[in-house]
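The values are calculated or read from the model by the stated rules, or taken from the named source; none is laboratory data. Here the structure is a predicted model, which is why all the values come from computation and not from measurement. FYI the Cβ positions are ideal-geometry reconstructions off the backbone, even for glycines, and counts take in every protein chain you see. These accessible areas exclude ligands, DNA and RNA; they are computed on the full protein's heavy atoms, side chains included. Shrake-Rupley method; radii C 1.70, N 1.55, O 1.52, S 1.80 Å.
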Amino acid sequence: MNALSTGHEDLIHDIAYDHYGRLLATCSSDQYIKVFTRVSPTADWTLLSSFKAHDANIFSLSFALPQYGLLLASCSEDQTVRVHRSVDDGRTFVKVATLSDSAGPVHQVAFAKFGGHGLKLACIGTDGIVRIYHAADPTDLRHWHLAFEKVVDKNGLLASGVAARDLQGDFAIDWCPSGTIRAPWFTSNLDTAMDDSDLPRVDRLTIEELAVEQFVASSMSKVFVFRKRLNGGLYEYERTEELPGHTDIVRDVAWASNAGVGGRYELIATACKDGWVRIFKLTTRRLGVPTTEYTNGAAGTVSVNEEKSVDYDDFAYDVELLDQFDHHKSEVWKVSWNFAGTILSSSGDDGRVRFWREAYMGKFVGLGVASAEQIPQDEVDD
Amino acid sequence: MFSFTPTSRSDSGHSSFSPSFGGPRPIFSTFNEPVAPTKENASPTKAFVSPFATERSFTVEDVRDVYKDDEDVEDEEDDVFTYTLQDAPIAAGRLQDWRDRGRTLKFRLSPLHNNGIAWIDERSVDGGGEVHVAPEEMRIFPAEIPDSALSDEYIKFVKDAHELYRALSNADQIDGAIDPSENILPKYATTFLQILDVARRRIFDERLSEAYVVCHCLFAAYFVDPTITRAEAVMDWLNQSDPRPTTEETSDIMTTAVPYNEPGFWELVHKLALRGLFLQCSNCLKEANMLHSDSESKKALQTATSILETAPKGTKAFEGHRQWRAHAIAFGENCTKLSDTKLRKGLITLANILRGDNDTILALSESWQEVTAALFLFHDPAPSRLSEYCQVAVAQFPVDFTIISEAGCAAVIAGDIPKALSVLEQLDVCVAAHIADFCDRQRMLDDFYNIETLDLPPFRDWLFMAHGITCCATPGTWFIGATYLKDTEGTQGLSIIKESITHVYPDNEATLTELLGICKELQFDNEAREIVIAWSKLQLSRNQVGSAIEWLDSIGNSFEIRAITWQLLESTLLNGLTLPDDILQRFLVSPRLCPGMIRELIAPYATYFAFKNHLNEGDVVEAAQYLASLLQFGFLPGRFFGPLLGELLPLLSRSQPRTLPTNELIAIMNSLYQWEKDPQKYNEGVQFLAKTLDAAREVTELAGDDWRVEYANIPAKEVIKLVRSKLVSEVSRAYLEEL
């Protein structure tokens, strides 16, 4: 397929696909968002709509899941996150909400990717704070509740709480796309001789049994997993595991679907200024953290039984660096997974897109390279 | 399509890559490199020794061996398949300049398909765009995952193979466990081979052709048609994959006046015999124009042709082989007495071939395949001896591992099926998956499964998953991919279906129904709900409101139906009444005929719709009744109250007969009072009323019966006051009239 002139008047900072890969949105320093469509997955993109969305550089875009209608979130140097809605299949977009809690430019915005999590929007900017917004009533998009905000990591930020401009700080966030957590204890007692219907298969469990809200966020050179955990009777986001080993600013994070590995573990890829693409493997480990358990006492009274109180559903991840590649030999800026979490792409300053695929043993191997550099004429002639 | 760098395949050892084919790249191991020799067989002089030729079982370590090669390749960047983006924005050799301009490349994969978009961004994240932006830097560059885009021709092969797979699965289910005496697999294997043959001829792809050779070899060795022996099948495979002697070689000699006198005559005869081409060999002898007058020579030639023509074939071959071989041995001994040296030597060599003499066959053969096939055909066609013959052959003719198909065939002949599958996977995942399925059904992979200690899916399943993922990511073959994924053990395949099913765009109701069918079959209730809600949103954007409501009703989603009702009311109050689609019209006009939940939830809009219809028909009294009941509806959102009060204005005119009885007027006044008491509801109502008035002012022409024609320029709060005043006035009028 041929390259497409977007009509932007400045550099493009991000692109986003809708859930089906049928619509494509681009954003630019020209403060415009453009939406393209294609009649089939192999056809060329054609411009569907174009609108001025912010008052400064637009850094990132994200489409919501289609069950919430056609919603597009954008974030900008103007320190806001905006939500735009289309009711005519992308031909026009109307701004329905402006979220302006950030104290600095907002670098990345991402709608939750798993339906069971509700209509949630995460963002992070130069103040290093990750924020989660929730539209409790998806039919009324004017109201977004700030459900969570926390500094990812104070290191690297100025005393004022924002990253120095000359550091070219970067901040990224990505939701776990899978609603499934299959902990080792979940399958440890499985007998392959069992009748299939007896197996507690992931695909037979309900959303409530499976959905664990979690995302990965990076601030400068630190990367952390955040997860909702039971805390005082309420599920709240907490910073949990760190993905260690980055020696410079992390440019991007991407959480893979765990479908390709049957939910046995999670994979998170990072793109780093130190030139490495890293793939982390997160294997669940049961914790059994003590928590408060209320039991019914005599005559309807309620008492607290602290000795027996254990949250049997709580877990942690064992984090392992599964693979790392420095083939770009330069700064890596973007990582992206396919739908099954079996193919990873990375791109960077070498003007190449590199593809990696999961092999039978679970390791990743090179799949190929797409180069943005033209072939020398003499080689073409050859 | 893509332009390919000249270096992209230059080191691969096997020649061309056809961009028109675009079949899937291997996933089991790294593509694009030849099957690198393992440490054991790296030397070209060292014989190929299969790790599975011995008694020991297959191990996962054996599979790992394949990966050692992959890892070696990883670090050699030039060995990775590379293509250049269409309209590549960086001039050749100017990468550093481009970087100096502060540019970088970014890429994002599509949520379902095997492609993505690359674009150029600046490295300075805080802007500072002082560098002039070139036009090509404001473009986006579609890019495909290397070798993942399947051509239409290849998709046809995938579909044909899938159809055969379904047929085999159905037959297998009906027959239960495959009865060795009535094995259905060879029949299906033959058909698969035919499908593959047609595809490779149509697509002209070298890798598919190589996969065909390996596949043919494997079927010859393990899935032989009962009408022929395995030895015949193996020889048939050899003659097809490497035909010798060629037609030209034969005709060059046999079209001369005296073929017998040609220097290559005996070479031709021996090669024909070696290749099991008995009839052709016999004909050569008959048509050689030998000028022997002595009876013993004539008799010897007659015996030779007789032995050749009576070579046992098919079902009788195995039993008759021993006796036929004895004839060949006796014939060879008799030939030693022949006086004509040339004839004697030629016939003795022929006899030695036919009796399966190792030295003769090794001396006359040109490849390990030829030696193996000849020994298998002539020496002892017992299947158990095939790998033994292979070892003899490769001791003299080492396997050329730079040719992938040769490496695959060597693994097949040596009985190393997992390795053969891994080689096939390098050539074509679809073929590898189907072959693994055949092997699995024949229980040829049992040993491999049994020793698995790691938490890995069975190899056959893993190949099907790889193929299924490719199908799911290819337009038009998602449902085929889902079929394969469903047929794999455990939860992995189902998880992949579950992950991808909501990404399939339901471009029509038939696709939607098919997707929901799969959800139902696999009990994906949540995904079914998500698909239906997303579909209803799509229908709404296409103005198919009735259909959207109908689908939401099918999953009992009252929340969304209620939201649609209010959206309809809001849109109508703002923009005026539009004609509903057929289904919605049916719901609105014949509420008794629609499902209970729909009837209940769309009632507010249906009431407003009835009000407008009666108003249009001039039945103002009836219309007023509907509006009054809507204004008294306890769950009416506050924002609608203002505009609905406005709708009341034309009905309260003194210039026309009274439309509402006293009790209704008082009830409306009470509702108005309640509404004004709630500040939030009141404010919302006034704001929305103002919005409707604004909208009216912006529209050049309103419908004649639109109340805003007369009141568009009055502020919202004044409208409310006016309504209140008119209501009071109407109540007093009613009182006077009732006196």
Original post:
On the given criteria, is residue A:364 more than 7 Å from every other protein chain (Cβ to nearest Cβ) and either in contact (Cβ under 8 Å) with a residue 24 or more places away in the chain or touching a strand residue (DSSP E or B) at 6+ places or on another chain (Cβ under 9 Å) (or both)?
Top reply: yes
**OP:** Could you grab me the full set of residues in segment B:480-498 that are facing chain A (nearest Cβ under 7 Å), surrounded by 24 or more Cβ atoms within 10 Å (Cβ to Cβ) and free of Cβ contacts under 8 Å to residues at least 24 places away in the same chain?
**Re:** B:495
Original post:
Out of segment B:566-599, which residues are among the charged types (D, E, K, R) and over 21 Å from residue B:638 (Cβ atoms)?
Top reply: B:581, B:582, B:586, B:592, B:599
**OP:** Among the residues of segment A:19-43, count how many are at the interface with chain B (Cβ under 8 Å from one of its Cβ atoms) and not aromatic (Phe, Trp, Tyr).
**Re:** 10
**OP:** For segment B:120-141, indicate whether the set of residues that are in a strand (DSSP E or B), buried (at least 22 other Cβ atoms within 10 Å of the Cβ), modelled with pLDDT of 90 or more and out of contact with any Ser or Thr (no Cβ under 8 Å at 6 or more places or on another chain) is non-empty.
**Re:** yes
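With respect to residue B:444, is the statement that it is without any contact (Cβ under 8 Å) to a residue 60 or more places away in the chain and within 30 Å of residue B:402 (Cα to Cα) true?
Details: without any contact (Cβ under 8 Å) to a residue 60 or more places away in the chain: no; within 30 Å of residue B:402 (Cα to Cα): yes.
When the stated conditions are applied, residue B:444 does not pass them.
Kindly check whether there is at least one residue in segment B:646-655 that is in contact with a Pro (Cβ under 8 Å, 6 or more places away or on another chain) and open to solvent by less than 30 Å² (accessible area, probe 1.4 Å).
Pass one, segment B:646-655, residues in contact with a Pro (Cβ under 8 Å, 6 or more places away or on another chain): none.
There is no residue in segment B:646-655 that is in contact with a Pro (Cβ under 8 Å, 6 or more places away or on another chain) and open to solvent by less than 30 Å² (accessible area, probe 1.4 Å).
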**OP:** Could you give me the residue pairs with C-beta distances under 6 Å whose first residue belongs to segment B:527-539 and is in contact (Cβ under 8 Å) with a residue 12 or more places away in the chain, whose second residue is open to solvent by less than 10 Å² (accessible area, probe 1.4 Å) and outside any helix (DSSP H, G or I) wherever it lies, and which are 6+ apart or on separate chains?
**Re:** B:535/B:506
Subject >> Pair list, Cβ < 6 Å and 6+ apart or interchain, from segment A:50-75 residues that are within 13 Å of chain B (Cβ to nearest Cβ) and under 14 Å from residue A:141 (Cβ atoms) to residues that are among the basic types (Lys, Arg) and open to solvent by 20 Å² or more (accessible area, probe 1.4 Å) >> reply: A:69/B:537; A:71/A:85
**OP:** Give me a count of the residues in segment A:34-57 that are within 27 Å of residue A:134 (Cα to Cα), at pLDDT 95 or above and either of a type in the set (Val, Ile, Thr) or surrounded by 21 or more Cβ atoms within 10 Å (Cβ to Cβ) (or both).
**Re:** 4
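Does residue B:272 fit the bill of being open to solvent by 50 Å² or more (accessible area, probe 1.4 Å) and either part of a helix (DSSP H, G or I) or closer than 28 Å to residue B:221 by Cβ (or both)? Can you show your working first?
On the way: open to solvent by 50 Å² or more (accessible area, probe 1.4 Å): no; either part of a helix (DSSP H, G or I) or closer than 28 Å to residue B:221 by Cβ (or both): yes.
When the stated conditions are applied, residue B:272 does not pass them.
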Original post:
Hey, residue B:579 hits all of (1) free of Cβ contacts under 8 Å to residues at least 60 places away in the same chain; (2) assigned to a helix (DSSP H, G or I); (3) open to solvent by 30 Å² or more (accessible area, probe 1.4 Å) but one; which does it fall short on?
Top reply: (2)
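Out of A:89, A:140, I need the residue that is within 30 Å of residue B:528 (Cβ to Cβ) and surrounded by fewer than 16 Cβ atoms within 10 Å (Cβ to Cβ). Which one?
After ruling out the rest, the residue left standing is A:140.
Give segment B:330-343 a look and list any residue that's part of a helix (DSSP H, G or I) and open to solvent by less than 60 Å² (accessible area, probe 1.4 Å), or say none.
First, the residues of segment B:330-343 that are part of a helix (DSSP H, G or I): B:330-335, B:341-343.
Those that are part of a helix (DSSP H, G or I) and open to solvent by less than 60 Å² (accessible area, probe 1.4 Å): B:330, B:331, B:332, B:335, B:343.
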Original post:
Looking at segment B:516-529, is at least one residue open to solvent by less than 20 Å² (accessible area, probe 1.4 Å), closer than 19 Å to residue A:86 by Cα and within 11 Å of chain A (Cβ to nearest Cβ)?
Top reply: no
**OP:** Looking at (1) open to solvent by less than 50 Å² (accessible area, probe 1.4 Å); (2) within 17 Å of residue B:708 (Cα to Cα), find the lone condition where residue B:691 falls short.
**Re:** (1)
**OP:** Only one of these is within 22 Å of residue B:624 (Cα to Cα) and under 42 Å from the mean Cα position of the chain (by Cα): B:568, B:588. Name it.
**Re:** B:568
**OP:** Answer yes or no: is there a residue in segment A:75-86 that is of a type in the set (A, V, I, L, M, F, W, C) and open to solvent by 10 Å² or more (accessible area, probe 1.4 Å).
**Re:** no
Subject >> Residues (in contact (Cβ under 8 Å) with a residue 60 or more places away in the chain and outside any helix (DSSP H, G or I)) located in segment B:499-526 >> reply: B:503, B:504
